[in-house]
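Only one structure is covered here, and it is reproduced in the block below.
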Amino acid sequence: MTIKVLLVEDSKISLVILRRIINEFPQLEVVGEASNGLEALALIPQVKPDVICTDLHMPQMDGLELTTEVMSHHPLPILVLSVSVQQEDTHHIFDVLEAGAVEICPKPLAGLTTENQEFRRELVNKISIISGVKVFKRKRRYSLPRQAVNLNNLTTAPTKSYPKPKIIAIGTSTGGPPALQEIFSQLPANFSVPILCVQHICNGFLQGLIDWLSQTCKLPIQIAKSGNRPQPGIIYFPPEQHQLKLDNQGNFVCSDSIPLDGHCPSVTVTFESVAKVYGKKTTAILLTGMGRDGAQGMLTVTQAGGLTIAQDEATSIIFGMPKEAIELGGAREVLPLNAIAPMLLELLQKQSILQ
């Protein structure tokens with residue numbers, strides 16, 4: 001079955017190159033081209049695309065406005081193509097992901113060419129993957145930051161008795177930034193356990209992700225440094241293209257070692273390392289994402305006696321990673337995204353971790 005693609009790009013040269021790349025693959029077909037979001041909105045009912053590939057910065061209606069309109073009225077999988085990987089620009093990318101775009105694909109800084117094999121593979125692979133993603137209508141973006149959960153208003157206790165966690169580890173991939181924002185924005189400033197977070201993300205986007213998440217998160221977010229010990233109330237990400245582990249003393253070890261199953265950082269590497277140090281005091285959470293990274297790590301945490309939570313299918317952009325963990329027997333709880341932070345806070349409150 002052919003995947004129909006609508007290209008939205010204000011550069012005529014880029015349109016020609018993208019069309020040539022996509023049409024070289026028999027499973028893909030460019031069915032429409034637009035130079036801005038307004039033209040794209042008019043074309044959608046005519047060409048009925050399976051996937052929209054849009055630039056971010058365009059006149060009249062940019063990629064963010066287009067994504068907001070599409071996801072508000074006739075939701076479709078959206079792939080954002082952009083050269084915006086500089087620190088001052090990346091927040092635009094995360095805004096468009098929050099608005100409902102499924103994935104991003106950075107354009108080469110040296111410019112688009114049909115000979116760039118790495119870009120060709122990434123573009124075609126991402127279009128093929130997101131074409132099967134189920135997307136839902138999104139409300140327009142929040143006008144005010146979301147509020148942290150009020151601990152005094154929590155009434156639903158966890159359904160089971162779990163060990164008191166001393167550390168939380170989170171892993172995610174496609175669809176992860178908005179999911180992380182949903183969880184982090186609900187955590188109070190006096191949250192008193194460290195959080196280690198592994199997000200599969202394109203090189204050059206990590207600091208932008210941290211800056212974007214910090215807008216709605218009351219906790220400090222940092223890049224982990226080797227030799228430091230995880231501190232309560234701080235969220236840590238591994239450095240780009242580094243695995244995040246803990247040594248026997250519980251200090252960070254950030255290494256540029258060989259990827260595990262193609263991933264560096266790898267969720268499984270971090271989960272297994274944390275489980276080795278903290279055992280049953282570990283809580284591991286696996287969110288939306290493609291593939292199986294994190295599934296074996298979740299099983300390791302479960303076998304160590306820790307609490308493991310997988311995001312459910314209904315709220316996952318891509319159910320790949322949580323599904324693999326569930327089928328492997330690594331998930332003790334399967335929860336919708338909006339229930340994860342309240343469950344953590346209720347558990348921590350009952351265990352008197354939040355002072």
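The values are calculated or read from the model by the stated rules, or taken from the named source; none is laboratory data. Since this is a predicted model, take the numbers as computed values, not measurements. As a convention, Cβ positions derive from the backbone with ideal geometry for all residues, glycine included, and neighbour counts pool all protein chains shown. When the accessible area is computed, the model is the full protein with side chains, heavy atoms only, and any ligands, DNA or RNA have been set aside. Shrake-Rupley method; radii C 1.70, N 1.55, O 1.52, S 1.80 Å.
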Please go through the stretch 3-41 and pick out each residue that is within 17 Å of Lys126 (Cβ to Cβ) and open to solvent by 50 Å² or more (accessible area, probe 1.4 Å). Lys4, Arg19, Asn23, Glu24, Phe25, Gln27, Glu29
Select from the stretch 327-354 the residues that are open to solvent by 60 Å² or more (accessible area, probe 1.4 Å), within 20 Å of Ala275 (Cβ to Cβ) and not acidic (Asp, Glu) and write down the one among them that is modelled with the lowest pLDDT. Gln351
Out of everything in the stretch 42-74 that is touching a residue at least 60 places away in the same chain (Cβ under 8 Å) and open to solvent by 40 Å² or more (accessible area, probe 1.4 Å), what residue ends up being nearest to Ile21 (Cα to Cα)? Asp50
Kindly provide the set of residues from the stretch 202-224 that are at pLDDT 95 or above, assigned to a helix (DSSP H, G or I) and open to solvent by 10 Å² or more (accessible area, probe 1.4 Å), ordered by number. Ser214
What number goes with the only condition from (1) over 19 Å from the mean Cα position of the chain (by Cα); (2) in contact (Cβ under 8 Å) with a residue 40 or more places away in the chain that Arg121 does not pass? (2)
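Quick grid of which residues meet (1) surrounded by 23 or more Cβ atoms within 10 Å (Cβ to Cβ); (2) touching a residue at least 24 places away in the same chain (Cβ under 8 Å); (3) over 28 Å from Ala331 (Cβ atoms); (4) hydroxyl-bearing (Ser, Thr, Tyr):
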residue	(1), (2), (3), (4)
Gly175	yes, yes, no, no
Pro178	no, yes, no, no
Asn190	no, yes, yes, no
Cys197	yes, yes, no, no
His200	no, yes, no, no
Ser226	no, yes, yes, yes
Leu244	yes, yes, no, no
Within the stretch 52-94, take every residue that is charged (D, E, K, R) and at pLDDT below 90 and give me the one that is nearest to Met290 (Cα to Cα). Asp89
Any residue at all in the stretch 262-281 that is within 28 Å of Val102 (Cα to Cα), among the aliphatic types (A, V, I, L, M), modelled with pLDDT under 95 and open to solvent by 10 Å² or more (accessible area, probe 1.4 Å)? no
Among the residues that make up the stretch 247-259, is at least one of them touching a residue at least 24 places away in the same chain (Cβ under 8 Å), under 23 Å from Ile318 (Cα atoms) and not basic (Lys, Arg)? no
